[in-house]
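Let me begin by presenting the structure, written as structure tokens, before commenting on it.
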Amino acid sequence: MSIPVKLIVGLGNPGSDYANTRHNAGFWLVDQVAGDLRASFSSEKAFSGQVASARFESGQVWLAKPQTYMNRSGVCVGALARFYKLVPENVLVLHDELDLMPGQVKIKQGGGHAGHNGLRDIQSVLGSPGFWRMRIGIGHPRTLGLAQQVADFVLHPPRRDELAAIDSAIDRCRAVIPWMLTGDFARATAQLHRDNPA
């Protein structure tokens, strides 16, 4: 068993203008996980985000939605990690992923940020890339046959078929979160990756 996840952070942009956009897939998933854990979010100025806490068999778990906009996501994550004395390996970040098609999900620990501004800022603030990531596929405009620029694409809602695939992926993510909270990453990864659509 590895070090269990203690902090689950969903990435997105705050406000109703962004709520349904692809870049907010991390918010969508963390909202569902909070429901599964019977936790409710409240605004916490000290942490620059919306924060919820829950009891799990492995102990206390915190969930967060940074309210600083994507490129400053590390402000919230860093504040929570310092306050609760968490190491990067305790942190799971849920985020949208251009390199995976809608419906696909991957778990990984460490690595680069692949140009994702939220990941870049978290890595900078934590001083380590060693946190966990749950990468929720949203597709890339090129692979989806769209002429949009990436920056425009991520700030628009997914098309209906893409949304159905993303929702299905989110349900599969929710099913393996309990294993990540107990540190059984091998089991979580094996199940999630096995169920990925081709």
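Overview of results
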{"read-out": "Failed item, numbered, when His23 is tested on (1) over 17 Å from Arg133 (Cβ atoms); (2) open to solvent by 10 Å² or more (accessible area, probe 1.4 Å); (3) touching a helix residue (DSSP H, G or I) at 6+ places or on another chain (Cβ under 7 Å)", "value": "(1)"}
{"read-out": "Counted residues, the range 150-198 - those being open to solvent by 40 Å² or more (accessible area, probe 1.4 Å), among the charged types (D, E, K, R), in contact with a helix residue (DSSP H, G or I) (Cβ under 9 Å, 6 or more places away or on another chain) and assigned to a helix (DSSP H, G or I)", "value": "5"}
{"read-out": "Meets criteria (open to solvent by less than 10 Å² (accessible area, probe 1.4 Å) and in a loop (DSSP other than H, G, I, E, B)) for Val33", "value": "no"}
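The values are calculated or read from the model by the stated rules, or taken from the named source; none is laboratory data. Values in this document were obtained by computation on a predicted structure and should not be read as measured data. No Cβ is skipped: glycine too gets one built from the backbone with ideal geometry, and neighbour counts run over all protein chains shown. Ligands, DNA and RNA are stripped out before the accessible areas are found, and what is left, the full protein with its side chains, is counted by its heavy atoms. Shrake-Rupley method; radii C 1.70, N 1.55, O 1.52, S 1.80 Å.
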